[in-house]
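What follows is a single structure, written as C-alpha cells, with notes after it.
What follows draws every value from the coordinates through simple rules; no lab data is involved. Please read these numbers as outputs of a predicted model, since none were measured by experiment. Glycine also receives a Cβ, built like all others from the backbone with ideal geometry; neighbour counts cover every protein chain displayed.
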Amino acid sequence: MSAVRWRRAMATQPGAAAAAAGGHAAWRAAGQQAAARTVSPRAASAWAWRLVVLAVLLVYPAVASPFFTFQIGGQSLVLGIIALSLALLGGYGGMVTLSQMTVAGVAGYALAIFGGNASAAHSLGWPWWLAIAMALLLAVLAAVIIGALAVRTEGIYTIMITLAIGVAFFYLVQQNQEVFNGFQGLHRILPPQVFGVDWRAPVPFYYLALACAAAAYCAVAYVVRTPFGMALQGIRENPRRMRALGFNVNAHRIAAHALAGLLAGVGGILLVWYNAQISPGSVGTTSLINILIIAVIGGMRHPAGPFLGALLFVLLQNFAIDLVDRERFNLVIGAVFLLILAVSPDGLLGIGRRLARMAHPAARRSS
Amino acid sequence: MTHFNPGRIPALMAVVALSAGLAGQAAAQQTLRIGALATLEGPFAVPGQDGMRGVELAVKERGGEIAGRKIEIIKASSNGNPDTAVAAARKLVEQDKVELLIGPLSGSEGIAVKNYAKSQPHVTFVNGSSAAQETTMVDPAPNFFRFSTDGAQWQYGLGDYAYNVKGYKRVVSVAEDYSFPYSLLQGFMVEFCRAGGKVVDKHWVPLGTKDYSSVIARLPDDIDAIYVALGGSDAVNFFSQYEQAGGDKPLIAGSITIDQSVLGYKGKRRDALLGTPSAGPIADNYDDPAWKAFVQAYRDTFKDGLPSPSLFAHAYYVNTKALLDGLDAAGGDLSDNHAKLRQQLSTMTVKTPTGDVRLDENRNAIANIFLTEVARNDDGSFYNKFVKVVPNVNQYLGMTRDEFMKMGVGTRTNPECK
Amino acid sequence: MAAINGAWPAAGRQARARTVNGKTIAARLLLAAVAAVVLVAAAIALAGNPRLFGLTVLNGLTLAALYFLVASGFTLVFGLMRVVNLAHGSLFLLGGYVGYAVGDASGSWFLALACGFAAAALAGLVLQAGVFRFMEGQDLRQTLVSIGLSIVLADIFLWIWGGEAYQFDPPQWLYGTVPLPLVGKYSGFRLVVLGTAIVIGVGLWLFLNRTRIGMMIRAGVDDKRMLAASGVDVQRVFAATFAIGAGLAGFAGVMGGTALSIAPGEDVRYLLASLVVVIVGGMGSITGAAIGALLIGLAETFGLAYVPTYGVVFTFLIMVAVLAFRPQGLMGGRT
C-alpha cells in the first residue's frame, strides 16, 4: 500500500483536503457541499441503514442472554466510547494518543473517591450527580493538561509522550495508598438507584451505555462537520498552512483534547460502573494499548469504527479460550491487529467499504 | 457518504455470537459444571498452570465424577488484573453456567471475585490460592469459602523460629509495596516482635522494580538477617544483586520468595540461598504418607510439571478436594442455593496432604503451616526442606479476634517493633 | 543545493538566537533554581551518609549505562531513519533469550553476548527489509505495526521460554565484588556494564562522525534522494543501520540479563525506559541518549534510595518538565 493511498485513506472529509489546499473560502464551500450532500438519495439509504442498526441495537437485549447483553454488549459500547475519543483525536485530529484510557481512569478514580466505594477511608460520599460532574470535570482537566504537554509534539512523538504520561499516572495510583488505595484499588463502585432502577443490572446498564454511545457517536459526527471540526481536519492535513491561514493550531488541538477527554470521561464512568471497581491495572500499559488496538481494528475514519473494533475485541477476549488456547490470547489479538494494519489502514470499516465497492462498482465515488 | 453502512457488521456479529451462546447453553444438565479460574496469561502463567494441575489432580482422584454426576471443568484465565478476573468469573457463571467456581490465584483478584460472589448467591465460590487477608476478614461473602490459608498465616511460626532457633535479633525487611507482602510481614512480625526481636527498618519497593541496588545500598550493617518478601523474577533479581554487591547477611524468606516456581529459575544456583528459613503452606520433602502420595500422584500425572508441586498447585488441590468432599457429604444436593453443601463446607474437616483443615467463622482455613529451610537436591536443584509443623494456625495469628481486630490487617506501618 | 536549502532556516535560526526575550530568561532562572535545589539536596545527602550517597551515585551511573545501551539502538534507528520501533523491547528480550540458550549450551558467556547481538541484528534486518521498508514515510503505521509486533513477539517468547526468570553465568573475573574507596565493596559486573557503555558510546559516535558509512547514514537522513543520486544504495545503508540498532538492543539484553535478569515484562520496562531517555535526551542524538540516560538513571536510583514510595514517578516528572520547556529534548534538533 503506497504512502499516498495510506494518507488518503486516513483522511476523512474531502473538505479537509480542500481546506488544506485552498484556504478559507474553499473550505467553507466544501462545508456547504458536504451539507448539501445530505439530501442525496445515496445518503438517504445510508440513513435507512442507520435506522436498521439502531433498531437491532435497541432490540438486542430482548434476544440475547443477560451475559451477552452485559459482558459483550455493554462492555463493547463502553470500550467503544473510550476508543471513539481516541479516534476523534487520531483519525480526525491526526494526533494518536495513548492516554485516553488514562483520562478515563481519572474519571473512574474521581467517581470512586468522590462518590463512594467499599473503603470508607477512601470515599468522600458526595451526592451522585455531584460526583459524576466532578469526575467529568477532572477528566477534561486531565485531558487538557495532557494535551497542552503533547500539543508541542507531532505524530509519533505524541504517541511516545502520551504513553509515558499514562505510565506515570499508573505508578502514581499504584504507589499512593492514602487517596487511591494502591495496588488493591477501590471496590464496590455502583451506579445510583435513579428512577427506582438498578442501573447495574444487565439490561438497564446496556441501555444506559447505548444511550451514551449514541450521544457520543452523534456528537462526534456533528462536531467534525462544524467549522471547528473542519479546522481540526485541516490541521491534521497541514498544520503549517493552517497556521499561515490564521488558525491557532495549538488552541484547536487542545480543544480537541478537551472534547475527547469529555468522551473518555463518560466512558471511564461507565467502565467503572461496569467493573464495579477500579485498580492500577485498569490504567496500566496493557489497557492503554488495548484502546489503540480497538480504534485501529475498527477504523478511525468513521465514528462507528471504534464500536466495531470494541465488539471484535470483546468477543475475542471472551471466546478465544474456547477456540484457541486462552494462553495465546495476546498472540491472537496481536496477529489480528497486524493483519488489519497490513490489509486495511482503515480497519474493519475500510474492509467493509472495499467489499461494498466491489459489490457495487457503479457507485465508485471517492468519499 | 458511502453506500455501505459499516454499522451492519456489529449486528451480524452479534447474531453469530448470540447463536453460539445459545448453542452452548443447551449442554446436558447431568454433568456438574465447575469453573476453574487461574492466571494462565502473561508472566504469572507458571503458577497459574500449576494451580490448574492441582484442580485436575483432585478431580482425577474422584474418578472424574461426584455424587453420581460427571464433572466438567471449564477453565478461564485472568492475567493478575482484578478487572479481568471478574470478567472471567462472570463469563464462567453467566455464560458457561457453572454451578461452582474455584479460583482465583492472586490476592487482589480474590477480593474482586469475592465482591462478585456476593452478587451471585446461587453459585458457590471456593478459593484458588488467593491469600489476601481482607478477602475473608473484611466484609466476607457468605458463599465464598477459602480452604487455603492467607499470607499472614503462611508466615506464622517463622518469627519464633528466627528469633529463638536461628538467633536473629535485629532484622530489616525488603518487600514489595502492596497489600500481600504487608500481610506476610505481619505474620512474621507478630511472633518475632513478641519474642523480643526488632525490625529496625522496612524497605517497601514499588512493584515492578528490577534494580534493587539502591535498596541494598541502604541495608545497615548492624543487623542479623534480612527478611525478603519478593515474588517471582524480582526475588531472583534481588538474590543476584545482593550477591554482586557483596552482601553476606543471611536471609529470611517470605513464602513467595522461595516457592518452587522461583527456586526453579534458570541459571546459576546460589549457595548463599542454602539454609534460608521460611514458612508456608507446604514443605517439599515433608515426611508424611499423605504428602508423599500427593507428590507422587502429581509427578505421575503431570510429566511436564514442576519438579515438586508448588504452593499454588497445593492450594488449588486442597480447595477443590474440599469442594468435592463437601458435595459428596451433601449427597450432591445443590437445591436451595446450595444450602446443604455450604453447611457441609462450613462445618466439615477436610483431610489434605498437609493435615486437617477446618474453616473459621469467616469461612477461612485453619490449617497447618510448615517451617522450612532451603536445601539442595542430589541433582543440584533447590527445594524447601521440612523443619517443623506449626499446627492449626488461624487468621487471628494466635490472638483473640478482638486483639487482632485492634491490631488490624497488615499495612506499610502495621505492625511496628523498632 | 545544501547551501540554498540551508540559507533560509539558517537565517531564521540566527534571527531567533538574537532575541533573548522574557521567556528565555524565565526558563533559565527556573533551571538555575532547580539546579540549586538539587545541589543543596545532594550536599545534605552526602554529608548525612557519604557511603550511601557514593553507592547511589555509582548505582545511578551503572543503571544509566544499561539504559544507554538499550536506548542507543532505539535513538539510532529513530533519529537516523525516523522509524519509531516500539518492538525495540522485544529485540532486547530476543537477544537475552537467544544469548541464554547459546550460553547454556556452549558454556561461554562471550559467545552468548555475540549471539545475542547477532540474533537481534538479524531480526532487525528482517524487520527493516521485510516490514518497515514498505511503509516508508508512514510514521504512524510503522509505529502501530511495531506495537502489534511487540505484542505478538512477547507472547511467542512466553510460549517458547516460559514465565520463569533467566540469569546468566558470566566468568568469575567479571562477576566478583570490587573494593572501592568510600563505598567499600561494589559489584564488579556493574562496573563492567559502565565500561562497556562508555566504549560503545564512544564507538558509535566515532562510527557516525568519522567513518564513511557513518557519513552516508547521516547524509541519507538529511536528504535521501541526494544520497541515492550520488550512487549509494540507500536501502542497504538503512538496513545496516537498523541491524546495528537492533543488535545493540540484543547486546543490551545479554548485559541486562546478567546484571538483573531476563523475564517476560522486561521488554515493556526497557522500552519505556528507552522512550523516556530518548524523549529527555532528544531523539536522534547519541550524546542526547547519553545525557538522557544519565538523568534518568540517577533520578531512578536516587528516588529509590531516598524517596522510595514516589521515586518511580520522578523519572516521568523529569520527562514532563523537559517536554514543557524543550519539546524536542535536551539535545534534540529541529525535526
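Worth a mention:
- The relative contact order of the stretch C:63-263, computed from alpha carbon pairs under 8 Å that lie at least 6 residues apart in sequence, is 44 percent.
- Largest GNM mean-square fluctuation among A:Ile254, A:Ile145, A:Ile235, using chain A with Cα springs under 10 Å: A:Ile145.
- Comparing B:Ala162, B:Trp204, B:Pro220 along the charge dipole axis of the stretch B:118-222, the residue lying farthest to the positive side is B:Ala162, per the Cβ-charge model.
- When the C-alpha to C-alpha distance is required to be over 29 Å, the pairs from B:Lys60/B:Lys210; B:Lys97/B:Lys340; B:Lys114/B:Lys340; B:Lys210/B:Lys303 that qualify are B:Lys60/B:Lys210; B:Lys210/B:Lys303.
- Cα-Cα separations in the stretch B:220-366 greater than 22 Å, expressed as whole percent: 54
- Using a 4.7 Å Cβ-Cβ cutoff, the cysteines of the protein assembly as shown lacking any partner cysteine are A:Cys212, A:Cys218, C:Cys115.
- Helices that extend 20 Å or more along their long axis by alpha-carbon positions and average at least 0.0 on the Kyte-Doolittle scale are, among the DSSP H runs of chain C, C:22-48, C:50-81, C:88-106, C:109-130, C:139-161, C:188-210, C:234-259, C:266-281, C:286-306, C:311-325.
- Subset of B:Lys91/B:Lys321; B:Lys202/B:Lys268; B:Lys91/B:Lys118 violating a 18 Å alpha-carbon distance limit: B:Lys91/B:Lys321; B:Lys202/B:Lys268
- The fewest-to-most ranking of B:Asp328, B:Asp300 by surrounding Cβ atoms within 10 Å reads B:Asp300, B:Asp328.
- The H on the amide N of B:Tyr227, modeled in the peptide plane, is under 5 Å from the matching H of B:Val172, B:Ser173, B:Val174, B:Ile252, each at least 5 residues off or on a different chain.
- Residue exposure sequence - A:Ile165, A:Ile132 - by fewest surrounding Cβ within 10 Å: A:Ile132, A:Ile165
- Size of electric dipole in the stretch C:63-263: Cβ of Lys, Arg +1 and of Asp, Glu -1, about Cα centre, debye, nearest 20: 540
- Amide hydrogen proximity for B:Ile366: with H placed 1.01 Å from N in the peptide plane, the residues at 5 or more positions away or on another chain lying under 5 Å are B:Arg358, B:Leu359, B:Asp360.
- Taking every full run of DSSP H in chain B, none both stretches at least 30 Å from end to end by Cα along its long axis and averages 0.5 or higher on the Kyte-Doolittle scale.
- For the stretch C:63-263, the Kirkwood radius over C-alpha pairs fed into Stokes-Einstein at 10 °C and 1.306 mPa s yields D = 90 µm² per second.
- Global form of chain C, assessed from the alpha-carbon gyration tensor, a/c cut-off 1.5: oblate
- Positive-end extreme of charge dipole, the stretch C:63-263 - chosen from C:Val83, C:Val131, C:Leu111 (charges on Cβ): C:Val83
- Size of the protein assembly as shown as Cα extents on the principal axes (Å, biggest first): 86, 76, 54
- Springs between Cα atoms under 10 Å define the GNM used for chain B, and in it the highest mean-square fluctuation of B:Asp222, B:Asp325, B:Asp234 occurs at B:Asp222.
- Cross-link reach list, lysines versus B:Lys198, counting only Cα pairs under 19 Å and skipping chain neighbours closer than eight places: B:Lys166, B:Lys169, B:Lys249, B:Lys418
- Semi-axis lengths, Å, the stretch B:369-418, gyration tensor of Cα atoms, sqrt of 5 times eigenvalues: 33, 15, 8
- Rounded to the nearest 10 degrees, the inclination of helix A:128-150 to the longest alpha-carbon principal axis of chain A is 50 degrees.
- Where labels lie 7 Å past Cα in the beta-carbon direction, separation of C:Ala229 and C:Ala47 in nm: 6.4
- Inter-centroid distance (Cα atoms) of the stretch B:192-271 relative to the stretch C:283-318, Å: 24
- Working note: Karplus 6.51/-1.76/1.60 with θ = phi - 60° gives the stretch A:200-217 the couplings 9, 5, x, 5, x, 5, 4, 5, 4, 5, 4, 4, 5, 5, 4, 4, 5, 4 Hz, where Gly and Pro are set to x.
- Charges were assigned to the Cβ only: +1 to each Lys and Arg, -1 to each Asp and Glu. The resulting dipole of the protein assembly as shown about its Cα centre is roughly 4640 debye.
- Mean Cα-pair separation over length for the stretch C:25-152, i.e. relative contact order, pairs under 8 Å, 6 or more apart, %: 23
- Each Cα pair under 8 Å and six or more residues apart adds its sequence gap; the mean of these over the residue count of chain B is a relative contact order of 18 percent.
- Cα-based radius of gyration for chain B, normalised by 2.2 N^0.38 Å, reads 1.02.
- Among B:Asn143, B:Asn79, B:Asn237, the largest mean-square fluctuation in a Gaussian network model of chain B (Cα springs under 10 Å) belongs to B:Asn237.
- Put in line by how crowded their Cβ is, counting other Cβ atoms within 10 Å and starting with the fewest, B:Ile258, A:Ile294 read B:Ile258, A:Ile294.
- Whole-angstrom gap from the stretch B:339-418 to the stretch C:26-70, using each part's C-alpha centre: 45
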